[in-house]
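Notes to accompany the following structure.
No value in this document is a laboratory result; all are computed from the given coordinates. All figures in this text were calculated on a predicted structure; none of them were measured in a lab. Cβ: placed from backbone, ideal geometry, glycine included. Neighbour counts: every protein chain shown.
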Amino acid sequence: MAEIKEKIRSKKEEEKNSKENNNKKIINLIVISGPSGVGKTTIIKKILQDPELKDKLMFSVSHTTRKKREGEVEGQDYFFVSEEEFMRMVERGEFIEWAKVHGHLYGTSYENIKLAQKSGKLLILDIDVQGAEKVREKKGDSAIFIFIKPPNLDELKKRLELRGDTKDIETRINNAKKELEFEKKFDYSIVNENLEKAVLQVKEIIKKFINNNK
């Protein structure tokens with residue numbers, strides 16, 4: 001009788017483990033999004049420098065038609081292209097997502113995803129909420145979505161001013177109000193009030209899914 005009970009118990013455990021494995025979400029994309037100036041790029045750069053994570057992650061370098069800012073590096077921060085070249089890439093179907101943001105075109109190429117998969121790394125995307133929605137439509141089953149938000153709009157305005165984005169700052173603030181409405185669609189939401197704390201929170205989320213993928 002005891003032997004029969006043990007077999008039943010073992011069978012139930014096998015079924016439970018099988019169900020858990022089937023429900024486990026295999027992640028290869030980490031989408032980080034939020035309003036312009038909220039600190040997405042700074043957070044990502046710190047994470048990519050982390051000794052524990054840097055060999056397990058790859059940054060998705062986007063294409064853009066905007067001008068290069070001081071300190072930005074071609075092929076490292078962005079691929080800077082003309083609008084004509086960008087639209088040729090669109091016509092060839094090279095982008096998983098692309099959008100016009102603050103008057104400039106931005107896009108994420110499928111080639112980035114292929115390179116990350118070949119190297120066995122998680123790909124981090126730094127994109128706006130429009131792009132995040134498009135990635136969700138096409139790769140939602142293999143991605144996690146992290147929304148970075150400012151403590152308030154006044155603080156966001158200060159950060160934009162410090163960055164030198166004074167020309168279209170009101171447009172960016174108005175866009176930020178609309179983008180904050182998308183927060184509830186994301187898997188995680190982090191307030192970037194203290195940079196080091198925000199970085200730590202994002203790192204913990206990424207570590208969780210790296211462990212799940214094992």
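Cβ separations smaller than 9 Å between residues 6+ apart or across chains give the following pairs from the stretch 66-90 residues that are over 11 Å from TYR106 (Cα atoms) to residues that are of a type in the set (Val, Ile, Thr) and assigned to a helix (DSSP H, G or I): ASP77/THR41.
As a summary of the residue check, LYS45 satisfies the conditions (1) touching a residue at least 40 places away in the same chain (Cβ under 8 Å); (2) assigned to a helix (DSSP H, G or I); (3) under 23 Å from GLU183 (Cα atoms) except for the one numbered (1).
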